[in-house]
Number of protein chains: 4
Amino acid sequence: MKTVKDFLWKPGMTVEQMVDDFGSLGYQSIELNKASDIVMKMKQEGAKIYLTFTSNMVTSGLRGFFAQLIKLGMADVVVTTSASIEEDIIKSLGDEFEVSDFNANDIAMHEKGENRVGNLLIRNESYMKFEDKIQEFLKRIYEKKKRWDVSDFLHELGLMVDDSNSILYQAAVKNVPIFCPGIADSSIGFHLFMFQQKNPDFVIDVISDVKNVIFASNYDEKKGLISLGGSISKHYAIFSGLMNGGFDYVVYLTTSHASSGSMSGATTKEAMSWGKIKDSASGATVNGDVTITFPLVMGRALDKLKKMEILK
Amino acid sequence: MKTVKDFLWKPGMTVEQMVDDFGSLGYQSIELNKASDIVMKMKQEGAKIYLTFTSNMVTSGLRGFFAQLIKLGMADVVVTTSASIEEDIIKSLGDEFEVSDFNANDIAMHEKGENRVGNLLIRNESYMKFEDKIQEFLKRIYEKKKRWDVSDFLHELGLMVDDSNSILYQAAVKNVPIFCPGIADSSIGFHLFMFQQKNPDFVIDVISDVKNVIFASNYDEKKGLISLGGSISKHYAIFSGLMNGGFDYVVYLTTSHASSGSMSGATTKEAMSWGKIKDSASGATVNGDVTITFPLVMGRALDKLKKMEILK
Amino acid sequence: MKTVKDFLWKPGMTVEQMVDDFGSLGYQSIELNKASDIVMKMKQEGAKIYLTFTSNMVTSGLRGFFAQLIKLGMADVVVTTSASIEEDIIKSLGDEFEVSDFNANDIAMHEKGENRVGNLLIRNESYMKFEDKIQEFLKRIYEKKKRWDVSDFLHELGLMVDDSNSILYQAAVKNVPIFCPGIADSSIGFHLFMFQQKNPDFVIDVISDVKNVIFASNYDEKKGLISLGGSISKHYAIFSGLMNGGFDYVVYLTTSHASSGSMSGATTKEAMSWGKIKDSASGATVNGDVTITFPLVMGRALDKLKKMEILK
Amino acid sequence: MKTVKDFLWKPGMTVEQMVDDFGSLGYQSIELNKASDIVMKMKQEGAKIYLTFTSNMVTSGLRGFFAQLIKLGMADVVVTTSASIEEDIIKSLGDEFEVSDFNANDIAMHEKGENRVGNLLIRNESYMKFEDKIQEFLKRIYEKKKRWDVSDFLHELGLMVDDSNSILYQAAVKNVPIFCPGIADSSIGFHLFMFQQKNPDFVIDVISDVKNVIFASNYDEKKGLISLGGSISKHYAIFSGLMNGGFDYVVYLTTSHASSGSMSGATTKEAMSWGKIKDSASGATVNGDVTITFPLVMGRALDKLKKMEILK
């Protein structure tokens, strides 16, 4: 029997202390505390950790945090959507996204070449810089080989990016595969298409990459999943886990709800019926904006793992 | 100046009458009425209509409605996610999905081979039937050609399905392209992979398909977008529209909100900053479960278009 | 075993037909169909029906529908919030609310004396008219008696309003009590206060009204609850039901979710733990905007009850 | 021009540092940072701070934090709902609420006398203890005076409670008025009614209390509002502010969205059209569970105010 405890602020409170207190606070704060516990368990028990996120989280400053987590060994397999790739590269070219407003004047923004993503914005110039760079990268990659599995292609891209805050870069350095089944979408998809027009034997093989995602871990290995938001990145990870015996630990952070039957709102409870999560799996679903909940869940886990000397 | 009118029930009220009344009722009912108006305008002005949906909507009985809309000429381009393909085929094989419960016992369901999707369920047997059928289909498709653009592949699949309620079938008959950039995901992706293992020169080309989605309409044609839910299906459609001058009319039906910067919650207002929607575009975003809002939006539009003799 | 059925549009479809089809469609449409069934059962089995709603629904055109439902004998007890009272009177004075825009320029609106409620607006003039009228009404009421239970006071007010679309009027005519424990809030609360300043022995007794809400039905009577949105109106109704043996049938329509532990998001499932709903109760929670879901739920129920000759 | 910055975890990170970083992170984390800035400004500029919350937040451990904030001089006026009163007293009697599960078996819980609130629970015994205590308190209060304004009554109650984590207690000690226009609801409402049955001249006057809430601050004073969740507590505060010139600073933390026109989802932007917030007001709306967002918003503000020696 766990009781609710009156939360009290203490001066200079750390994230670790506050998320500890969340464990007896109520509603989503309890779930957040539980999610943090499960992340710790993944690492303590040597599970292979799958991390999935959508591109809007890369647009936000979580991009650097994702790179850092890969570097720290907290993500062994990454699954994401196509725009994450182009935005990671744009940022590695030194371009910056800006803070805007949910109620901005969108017509005026369009005239100024500003593209809004919630309360952030990306400038047209950033996409132009990306265009130049990616065509150069593609040339070099094509010279090596004509047909690429998506994850091999992204590994190669990562070797060309030189930015310690880059997801592609850290993943390449740490040999962490990045899966992106929807690579044909967005600006990166368009530039791959333009390049293929000139080089028709250039193939990005999404089907062949299925073996890589399935064999990203063994059937017998412990597996953990941290899934942010929904979309194809969440589904591809849990489907590949299902092919591979299911996950032992699962953490979902999302703003969606289960009521519409969507993937983004699907809970860890529902996943049990599919065997996507082993019946004995530890699962937690935290409802809330990932730019708030994810730094809290991971911040506490990292501090505790560091003290245990599990985090290198 | 439009005023709010007291809504009154009349015996035997039709959907058309009720959604007419929604125009002066309040909050999302007003937006729903506006969305229905915009759908009508798309058709009246001869716009090419893009329809996007996620697979959970195919799991629900909207699958038959999507097929009917294609048949009626209300969808000229379709974009969807991978599981939609397998579920459309499963249903065409005579298998049925069942009504379950949001609070079902997921562990018990798993033991019975039942997979929950919200308050619906799909049986393991259905996936086994699909496995047998798709391998047979793939063999026949491979005999014709080794390398396929996704939309050509799906057209070919549609020709093999014999079910008037099938999305693939009606799209093939009406020459409506189905785009599915995330084809490598889900059961269909896995079976494509298994087939490719035996036939390594079999290629499903997602990159080459980009030309098909971009040239699915001309720059000068009027274009309309009806997007249900979010995910890669929504983004691929609006990105292709952007490459092609942007949409003139846009209707979004979704349960997500703009606050998290996600694609599923992105509004028609935000799309203007990207030029994804022309500045002069008519746009409406309706918040609510698509299994309720979509039949209402379309039901009224179809009845009115029929009376105008625009719907054949 | 209930199966999902492919939804198909039929020309001239009625609301009744569409909501019938929702029963095998998926996600919230299934719940909506179930809610409609439960409403019918309430009436068929002679239950006393409690209807609760918040004032934003009165701002919308649902106000006329609430009045109509009372007239039709579909609501035996009403619970609402304070602003519902003033807005019902404002409308009965011939004033109209207008359709605005969620993205309206709020500063400009303020300068024009326009007050926004979502995508609707109420003009300052309407509140001024209300002020004049309510002071006149209060004088007449005070002449009768100095101390009033809230529901008696609202009954008296209803006798003074002459508008068949008025909730207060129909409730007075049909002897349906209206409970409003939060009467001290909003414009009505302010004007009661102003009147009391001049007449210090004038008392609106919220505590004494508790007996009226508790004895609004017998312990042995069947009781049904239709609750729209959340707030004090939902809680007061279910609390009074709890004091009285709990409800037999419960329908919640709301946009909130259970994840935050709020009253508006609390489900019929949670209510069972409180005994607010009898364990055997039929319950349904429909997630979505009430201006869409409520006309559908009730429209079908009314048509079916009429055919059964249960509705007079 | 403010740019997005890559978020990086630092070992032993404090809440203050993390929320500082949120200012350039994205989506709701930016809004949360802004909300924290506005709270600081309220205090720095000597504004009178109104704090509103709903009872589910008292059920959670935020109860102790609310008491602490009053003690620290961070809340000058409190507005809440009726169940907050009884739960604050229950906790002051030494009873504890427990951590449960959103998916708990509600029928089994009911049989065990456990009442679920989201993922928390309250035992029947707690309500019984409350019943005994409150009747004793009411007797003593009635001996002093027969007719009470709500806020005076709650002040008197606070003087009888002896628990430094109690909201009522700290408010009484610090002479902070607690407003509760919906006092007739819930268990407290029921026990007031029972007491009045025996003592018919006992009056709790909600109307007369309007003067107290309106004169809780001067027209000329700076005023700030921190509103958690929605309901009558939010509306009563902003309505009283409106009568008094409007608020200069407003922070809304809520899980609701503006799309349904509800009070809980109403934004600080909408409030401007009403003059509820002065046009020049600083406003921030943070979407997310209050048990997570509120400790973050306030934790950082408190640490910074302490360093500035503004917090005593």
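The values are calculated or read from the model by the stated rules, or taken from the named source; none is laboratory data. Please read these numbers as outputs of a predicted model, since none were measured by experiment. Positions of Cβ are generated from backbone atoms using ideal geometry, with glycine treated the same way; all protein chains shown enter the neighbour counts.
Here are the numbers for this structure:
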item: Selected residue [under 18 Å from D:SER259 (Cβ atoms) and either modelled with pLDDT of 90 or more or touching a helix residue (DSSP H, G or I) at 6+ places or on another chain (Cβ under 7 Å) (or both)] from B:LEU296, B:LEU305; result: B:LEU296
item: Unmet requirement for B:GLU111, which otherwise passes all of (1) at the interface with chain A (Cβ under 9 Å from one of its Cβ atoms); (2) closer than 28 Å to A:GLY189 by Cα; (3) surrounded by fewer than 21 Cβ atoms within 10 Å (Cβ to Cβ); result: (2)
item: C:ILE141 vs. criteria touching a Ser or Thr at 6+ places or on another chain (Cβ under 8 Å) and at pLDDT 95 or above; result: no
item: Matching residues in the range C:182-204 - criterion: being crowded, with 23+ Cβ neighbours inside 10 Å and among the charged types (D, E, K, R); result: C:ASP185
item: Residue match in the range C:84-97 (condition: within 22 Å of B:GLN17 (Cβ to Cβ), within 22 Å of the chain's Cα centre (by Cα) and surrounded by fewer than 21 Cβ atoms within 10 Å (Cβ to Cβ)); result: yes
item: Some residue of the range B:287-296 being surrounded by 24 or more Cβ atoms within 10 Å (Cβ to Cβ), hydroxyl-bearing (Ser, Thr, Tyr), under 22 Å from B:ASP20 (Cα atoms) and away from chain A (no Cβ under 13 Å); result: no
item: Test: residue in the range B:74-95 that is farther than 29 Å from C:ASN119 by Cα and facing chain C (nearest Cβ under 8 Å); result: yes
item: Enumeration of residues in the range C:270-286 that are among the polar types (S, T, N, Q) and either crowded, with 24+ Cβ neighbours inside 10 Å or within 16 Å of C:LYS43 (Cβ to Cβ) (or both); result: C:SER273, C:SER282, C:THR285
item: Test: residue in the range B:131-146 that is in contact with an Asp or Glu (Cβ under 6 Å, 6 or more places away or on another chain), within 12 Å of chain A (Cβ to nearest Cβ) and in contact (Cβ under 8 Å) with a residue 40 or more places away in the chain; result: yes
item: Test: residue in the range B:2-16 that is surrounded by 24 or more Cβ atoms within 10 Å (Cβ to Cβ), within 14 Å of chain C (Cβ to nearest Cβ) and part of a helix (DSSP H, G or I); result: yes
item: Residues that are facing another protein chain (nearest Cβ under 7 Å) and buried (at least 24 other Cβ atoms within 10 Å of the Cβ), drawn from the range C:232-253; result: C:ILE232, C:HIS235, C:TYR236, C:PHE239
item: For A:ASP132: the one exception among (1) surrounded by fewer than 22 Cβ atoms within 10 Å (Cβ to Cβ); (2) assigned to a loop (DSSP other than H, G, I, E, B); result: (2)
item: Flag for D:SER256 being under 19 Å from C:VAL117 (Cβ atoms), within 7 Å of chain C (Cβ to nearest Cβ) and among the polar types (S, T, N, Q); result: yes
item: Any pair with Cβ under 6 angstrom, 6 or more apart, that starts in the range C:186-215 at a residue that is among the aliphatic types (A, V, I, L, M) and ends at one that is in a helix (DSSP H, G or I) and at pLDDT below 95; result: C:VAL213/C:SER240; C:ILE214/C:SER240
item: Residues being more than 18 Å from the chain's Cα centre (by Cα) and closer than 28 Å to A:ASP303 by Cα - total across the range D:3-61; result: 32
item: Output for the range C:40-70, where each listed residue is part of a helix (DSSP H, G or I), within 13 Å of chain B (Cβ to nearest Cβ) and not aliphatic (A, V, I, L, M); result: C:SER55, C:ASN56, C:THR59, C:ARG63, C:GLY64, C:PHE65, C:PHE66, C:GLN68
item: Any chance A:PHE153 is part of a helix (DSSP H, G or I), within 8 Å of another protein chain (Cβ to nearest Cβ) and at pLDDT 95 or above; result: no
item: Residue count for the range C:291-312, restricted to those that are in contact (Cβ under 8 Å) with a residue 60 or more places away in the chain and part of a helix (DSSP H, G or I); result: 14
item: Any hit, the range D:272-292, residues being within 21 Å of C:CYS180 (Cα to Cα), touching a strand residue (DSSP E or B) at 6+ places or on another chain (Cβ under 6 Å) and among the hydrophobic types (A, V, I, L, M, F, W, C); result: no
item: Residue match in the range B:237-253 (condition: under 19 Å from B:ALA75 (Cα atoms) and acidic (Asp, Glu)); result: yes
item: Flag for B:GLY261 being within 7 Å of chain A (Cβ to nearest Cβ), crowded, with 24+ Cβ neighbours inside 10 Å and within 13 Å of the chain's Cα centre (by Cα); result: no
item: Hits in the range A:25-37 (condition: buried (at least 22 other Cβ atoms within 10 Å of the Cβ) and either more than 8 Å from chain D (Cβ to nearest Cβ) or assigned to a loop (DSSP other than H, G, I, E, B) (or both)); result: A:LEU25, A:GLY26, A:TYR27, A:ASN33, A:ALA35, A:SER36
item: Hits in the range A:188-231 - residues which are at pLDDT 95 or above, within 10 Å of chain B (Cβ to nearest Cβ) and assigned to a loop (DSSP other than H, G, I, E, B); result: A:PRO200, A:PHE202, A:VAL206, A:ILE207, A:SER208
item: Exclusive hit being touching a residue at least 40 places away in the same chain (Cβ under 8 Å), on the phi > 0 side of the Ramachandran plot and within 18 Å of the chain's Cα centre (by Cα), set B:GLY288, B:GLY224, B:GLY230; result: B:GLY288
